[in-house]
Amino acid sequence: MALKWLRDNLRHLKFILWGVVLVFVLLVFVDWGAGRAGGGGGGKATVRVGNRSISETEFLDEMRRLDQRFSQIYGEQWNELRGQVDLARQTANMFIDRELQLTEARRIGLGVSREELQEVILEDPSFRDESGEFVGTETYKRIIRAYFQTTPETFEERLTEDLLIGKLNTLAERNAWISDDEVDREFRRQRELSDFDAIQLRYEPFLSEVEISEDDARAAFEANAEDYHRDEERLIRYLLVETSRLRRTLPVDEAELRAYYDQHVDEFLEGEQASARHILFRLAPDATEITRGETELRANGVANIVRSGGDFAVLAAEHSEDPGSKDMGGDLGWFGRGQMVPEFEDVVFSAKPGDIVGPIKSQFGYHVIKVEGFRPEHQQPFEEVQEQVRFRVLEDRAVGEAEARAGAFARRLKAEGPDTQDQWQAIADEDEAVVLNQSPPFSVGEAIAGASDGPELADAAFASSVGEITGPVAVPRGWIVWQLAEVRVAGIPPLEDVRTEVEQKLRRERAVELATDQGRQLAERWRGGEDGSTLAAEYGSNVTEARQHRRGQLVGTLGVMPGLDGAVFTASEEEVLGPIVAGVAGGVVVAKVNTLDLVDPVELSSSRDDLRARLMTERGAQLMRSIVNERRRDTVVTIDDEFLQRFAPTSS
């Protein structure tokens, strides 16, 4: 198990903190530095991870940041891709992964000292003056409040969490050692190329020539009996009280909704909003004075064109270096105070509709801004937010009600003892929030598809007896009551139970042998100088041309063929290879190597350490995913699927 392996190796590790620390500080700086208010906002919970609740405000802020990051990565393509990406689901998974990583880091004893936190803060250029010195405690606090739109305590708490996650990731990466052989194989896979021609002889035409006698079948079965061994499997039937279904059915009167609204009126206060467009001229933080001057000059030039009557939207599309808005004419939509960087916000909310402002400088570069309009602060009326209020009122009630109903079903089922699918279905049909399911066969230690993410439920089923009713049990979708419905005993079944499988396998194997014999004849004639295309046609096949081929890539329509790759990249140019058995499905292949472009051993040696580092990072990420998955099995996670559905992709 990944976690045991990680714990066993923990005492041998020394943390190399700074590389990971700087990445996380940069992420904090980019996310908060974009001017969007950090987490912790009001509103209902959209995601719960253990005791941690993510409010709607916090969720929407993070989803917008994710949208902006994708826009920066994909540029203009993002406008086409946005409707195909489930941003809400990705945001929910981000919050879940973050909380589970924090839980794991604390569980294995990782921590961040005050000294480590202070060192990161002191190294952050945001908190240094022009001479490179720390700006001082009071200025530091003002920057946090004005720029990051949060308190110093919250900022440092979030930064501490980022550093803690960074340590956990570093620990995982340091455990993911990659041997020289693995590095070399990956380097060759990436760099080596070959051009070759291949002729495939499929096995299917030979099936009609194969006859299987009773003795053949029995001998094959007895020789390979263990291949037909089946582990013990079990099936359960279960009633699921689904929280999302229940939430839609629970009654709540308007008076209760209005009471909640009146008690939480501040949650539905929308502050003053501004609408603006901008043209961004990017400037790196370490740009020279000459570059700064040239960038400002370009910004002033475009600003003068706008003030002379130029079309702002057209100029934004042509000149702006903000990929998230340039294709929309620089339109930033509606935003409130605290959502943009201070320099930007100050000039916008001090201007009038129609004003052209700038260029003004921020950490992103120079902005030329057109103020479109304003919406005053206003209280969202109850009628406008009634559905939001309803969801908040019912959210916690649904979780408790689901557990209560599942408990009632458990008592009834244990008392009545139904043991047929029809009897269980009749009970399920009495409640529209309840569904009856039967699991697929599962083994001990497995997650049960549709019912559980971890092995706990399967393990409980293997400790149960047929007909025994258990529950209620919390699962990701709500609460279940289950019964062990069937036990499939482990062992080797009799031949009659698997005769069809045995005979089909034996027939295919003998057909491949016949194809191999024919492949030997073809290979000899190709080596003798006969034309490949003519030979392929004679044998009922054709030539597949593989050009600029790398290990692991598809060989035309023949698919991925590791055995053929291994032979090709260890052969010589003009060599004819084969026949090579390409698996039962692939038959056999004969190939002629035309060209080979192999790696230089000196280049391989000099590149080994860099490639190893990258592969360790990738494997560390895989290990972290394993850790998160294991922690998720032990943690109650709930997601407001109805809320996420509002932002579901508009196209597939």
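The values are calculated or read from the model by the stated rules, or taken from the named source; none is laboratory data. Computed from a predicted model, the values in this text were never measured in an experiment. Cβ: placed from backbone, ideal geometry, glycine included. Neighbour counts: every protein chain shown. All accessible areas refer to the heavy atoms of the entire protein, side chains included, with ligands and DNA or RNA removed. Shrake-Rupley method; radii C 1.70, N 1.55, O 1.52, S 1.80 Å.
Data for the structure
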{"item": "Under Karplus coefficients 6.51, -1.76 and 1.60, residue-wise ³J(HN,Hα) of region 428-444 in Hz, glycine/proline x", "result": "4, 5, 6, 9, 5, 8, 10, 10, 9, 10, 10, 6, x, x, 9, 9, 4"}
{"item": "Accessible-area composition of the chain, carbon plus sulfur, in percent [1.4 Å probe]", "result": "48"}
{"item": "Eligible aspartates and glutamates near residue 352 by straight Cα distance, threshold 17 Å, same-chain separation 8 or greater", "result": "272, 331, 343, 372, 377"}
{"item": "Residue-normalised accessible area of region 294-347, given per residue in Å² at a 1.4 Å probe", "result": "48"}
{"item": "Helical mean residue ellipticity (222 nm; -39500 (n - 2.57) per DSSP H run of 4+; nearest 500) of the chain", "result": "-16000 deg cm²/dmol"}
{"item": "At q = 0.17, 0.18 Å⁻¹, base-10 log of I(q)/I(0) for region 508-579 (Debye sum, equal scatterers on each alpha carbon)", "result": "-0.75, -0.84"}
{"item": "Net charge over other residues, Cβ less than 14 angstrom from the Cβ of residue 75 (K, R count +1; D, E count -1)", "result": "-2"}
{"item": "In nm, spacing of pseudo-spin labels at residue 574 and residue 53 (7 Å Cα→C-beta vector)", "result": "7.8"}
{"item": "Gain on full stretching of the segment that runs from residue 129 to residue 64 - 0.36 nm per residue minus C-alpha separation", "result": "20.3 nm"}
{"item": "Chain lengthening between residue 613 and residue 223 when straightened (0.36 nm per residue, less Cα-Cα)", "result": "135.8 nm"}
{"item": "Local electrostatic count at residue 573 - Lys and Arg +1, Asp and Glu -1, tallied over other residues with Cβ under 10 Å", "result": "-2"}
{"item": "Rough spin-label spacing in nm, given labels placed 7 Å along Cα→Cβ, for residue 626 and residue 282", "result": "3.7"}
{"item": "Cross-link reach list, aspartates and glutamates versus residue 326, counting only Cα pairs under 12 Å and skipping chain neighbours closer than eight places", "result": "76, 318"}
{"item": "Rounded FRET efficiency, nearest 0.05, which uses the C-beta distance separating residue 106 from residue 258 and R0 of 41 Å", "result": "0.45"}
{"item": "Relative contact order, percent, the chain [alpha-carbon distance under 8 Å, six or more residues apart]", "result": "25"}
{"item": "Rounded to the nearest 10 Å², the accessible area of residue 462 at probe 1.4 Å", "result": "50"}
{"item": "Surface/4 estimate of mean projected area, convex hull on alpha-carbon atoms of region 51-156, nm²", "result": "9.5"}
{"item": "Residues of region 346-385 with amide N under 11 Å of a point placed 7 Å along Cα→Cβ from residue 270", "result": "375-381, 384-385"}
{"item": "Answer label, with percent of Cα pairs over 39 Å apart calculated from the coordinates and candidates [x] 45; [y] 27; [z] 56", "result": "[z]"}
{"item": "Most to least packed among 165-173, 149-157 [average Cβ atoms within 10 Å]", "result": "165-173, 149-157"}
{"item": "Area of residue 319 that stays accessible when all protein chains are in place (1.4 Å probe, Å², to 10)", "result": "60"}
{"item": "Point-to-point label distance, residue 298-residue 185, nm (Cα→Cβ direction, 7 Å offset)", "result": "4.7"}
{"item": "Charge sum, other residues only, whose C-beta stays under 12 Å from residue 280's C-beta, Lys/Arg counted +1 and Asp/Glu -1", "result": "+3"}
